[in-house]
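Below: one structure, written as structure tokens.
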Amino acid sequence: MPGDASTGTFLQGLERGLAVIRAFSTEAPSLTLSEVARAVGITPATARRILLTLEELGYVRSDNRRFSLTPRVLALGWAYLSSLDLGELAGPFMEELSAKTRESCSIATLDLPDIVYVARVPTSRIMTVALGVGARLPAYPTSMGRVLLSALPDEDLTAYLETLQAEPLTDRTLTDPDDLRASIAQARVDGYALVDQELELGLRSIAAPIHNSRGRVIAALNVSAHASRSTPTSLCEEFLPHLQEAATQITTALTHRGNF
């Protein structure tokens with residue numbers, strides 16, 4: 001943007017900082033300072049200043065030699081996710097999912113220690129808490145939270161569990177870090193998570209991941225039902241196939257539009 005640069009409105013430091021973040025990818029999840037400098041086309045001294053700033057802000061971590069992104073970078077895309085693309089694009093698939101299951105469905109992304117709702121198709125009011133786009137819930141007792149946590153690198157999950165002060169929201173809520181880790185690990189193996197009345201008594205939900213074009217989990221889709229209308233078995237046998245189909249359709253649509 002040479003025109004903007006000539007008027008003094010173009011911030012080269014910001015441009016370079018964003019370029020450093022974009023240098024990381026599935027193929028290059030961790031980079032040395034020299035590799036970042038070469039990838040972005042900047043001097044090692046500039047790369048070092050940017051990386052240390054990002055590390056101080058919590059967007060990057062290092063082991064003194066290699067740098068990698070942290071989950072906090074997801075927050076940079078929150079405005080984009082909530083304001084337009086994901087909710088708008090996923091809407092028809094969520095409407096179809098809700099029609100097939102006759103239950104509410106939602107999409108959320110991870111902003112530790114919470115999940116943040118970015119889209120929702122409600123049917124009947126099954127929770128005491130009103131939920132809409134932008135609503136937050138703790139990640140640990142929710143099906144979408146378990147799916148999103150299962151996609152974290154092991155060291156980030158460990159850091160989350162070590163600092164978590166889980167409250168027993170119901171008598172079914174998992175609060176022990178080892179129990180939570182086991183449940184999250186199971187979600188990683190299964191490719192979905194089911195939560196039975198851990199967030200609120202009478203509420204059951206099941207969630208599946210939504211991926212970007214590189215296979216990274218960027219959100220989760222769930223179906224929620226009242227316990228009087230569902231069982232854990234019915235959620236797995238009747239709802240899960242429809243849920244996974246919708247999650248796959250949303251993933252495919254995101255990939256075709258070139259998002260994320």
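Find how much the distance from Asn212 to Arg49 grows on full extension, using 0.36 nm per residue of separation minus their present alpha carbon separation; answer in nm with one decimal.
Details: separation 163, 0.36 × 163 = 58.68 nm, distance 3.01 nm.
Residue separation times 0.36 nm, minus the Cα-Cα distance, leaves 55.7 nm.
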Original post:
Ignoring ligands, DNA and RNA, what percent of the accessible area of the stretch 136-234 is carbon or sulfur (1.4 Å)?
Top reply: 47
Original post:
GNM, the chain, Cα, under 10 Å: largest mean-square fluctuation among Ser98, Ser205, Ser25?
Top reply: Ser25
**OP:** State the label only: which of (1) 17.2, 53; (2) 20.0, 65; (3) 20.1, 62 corresponds to Rg and Dmax of the Cα atoms in Å computed from the shown model?
**Re:** (2)
Original post:
Does anyone have the angle between helix 44-57 and the longest principal axis of the chain? Alpha-carbon axes, 0 to 90°, nearest 10?
Top reply: 30
Subject >> Heavy atoms of Phe24: accessible area, 1.4 Å probe, square angstrom to 10 >> reply: 10
Subject >> Residue-span extension gain [Phe10 to Glu27] - 0.36 nm each, minus C-alpha spacing >> reply: 3.1 nm
Original post:
Taking the Cα atoms only, what angle lies between the long axis of helix 12-23 and the longest principal axis of the chain, rounded to 10 degrees?
Top reply: 50
Original post:
Under a point-charge model restricted to the Cβ atoms of Lys and Arg (+1) and Asp and Glu (-1), what is the dipole moment magnitude of the chain relative to its Cα centre, in debye to the nearest 20?
Top reply: 680
Original post:
What does the accessible area per residue of the stretch 203-260 come to in Å², with a 1.4 Å probe and no ligands, DNA or RNA counted?
Top reply: 43
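The values are calculated or read from the model by the stated rules, or taken from the named source; none is laboratory data. The shown structure was predicted, so the numbers you read here are calculated from the model rather than taken from an experiment. Please note: Cβ atoms are built from the backbone with ideal geometry, for glycine as well, and neighbour counts cover all protein chains shown. The area values use the complete protein model at the heavy-atom level, side chains included, leaving out ligands, DNA and RNA. Shrake-Rupley method; radii C 1.70, N 1.55, O 1.52, S 1.80 Å.
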